[in-house]
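The block underneath contains the structure these notes are about, expressed in structure tokens.
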Amino acid sequence: MSEYDYRDRQETNVTVFSAEKYDNDWPWSDGVPTLIEVIRWLQDKLNEVPEEYRAVTHCEIDSVSSWESSHYAQITIEYRRPETDLEMSNRIASVEAVQARELIREREKYEMLRAKFENKE
């Protein structure tokens, strides 16, 4: 098994749609849809997904708990794909920036401790 290397290409999650019943993006804010309307809407969302990822696109329909034990619907549609070159370079730059800040912090701590204990001897 190979060791993880942050510089390797990763998978990324793409959210096509995510909303709760009372969000502005909810597709049927004017009432209860017919089954045909729901199927058409789902097909439109599926058509937004690149063809090569349609077979692995997931739709999660969940119940969100609200005030006084009431529940309402939440829909999330998403798929995974390899990150683009730009996403990969941005992620790597972000990881390396965090590592550089951590190294500076560790060096500062080292110098502080070294000065503290060298002066005691």
ask   = In segment 64-78, which residue that is of a type in the set (S, T, N, Q) and surrounded by fewer than 10 Cβ atoms within 10 Å (Cβ to Cβ) is farthest from residue 24 (Cα to Cα)?
value = 69
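Here is a yes/no grid of residues against (1) among the basic types (Lys, Arg); (2) free of Cβ contacts under 8 Å to residues at least 60 places away in the same chain:
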{"site": "9", "(1), (2)": "yes, no"}
{"site": "14", "(1), (2)": "no, no"}
{"site": "23", "(1), (2)": "no, yes"}
{"site": "33", "(1), (2)": "no, yes"}
{"site": "37", "(1), (2)": "no, yes"}
request  = Tell me which of these residue 54 doesn't satisfy, since it passes every other one: (1) part of a helix (DSSP H, G or I); (2) surrounded by 13 or more Cβ atoms within 10 Å (Cβ to Cβ); (3) touching a helix residue (DSSP H, G or I) at 6+ places or on another chain (Cβ under 7 Å).
outcome  = (2)
Some residue of segment 79-97 being surrounded by fewer than 11 Cβ atoms within 10 Å (Cβ to Cβ) and in a loop (DSSP other than H, G, I, E, B) = no
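Every number here is computed from the coordinates shown, using simple stated rules; none is lab data. Everything numeric in this text was worked out from a predicted model, so none of it was measured. Methodologically, a virtual Cβ is constructed for each residue, glycine included, from the backbone with ideal geometry; neighbour enumeration extends over all protein chains shown.
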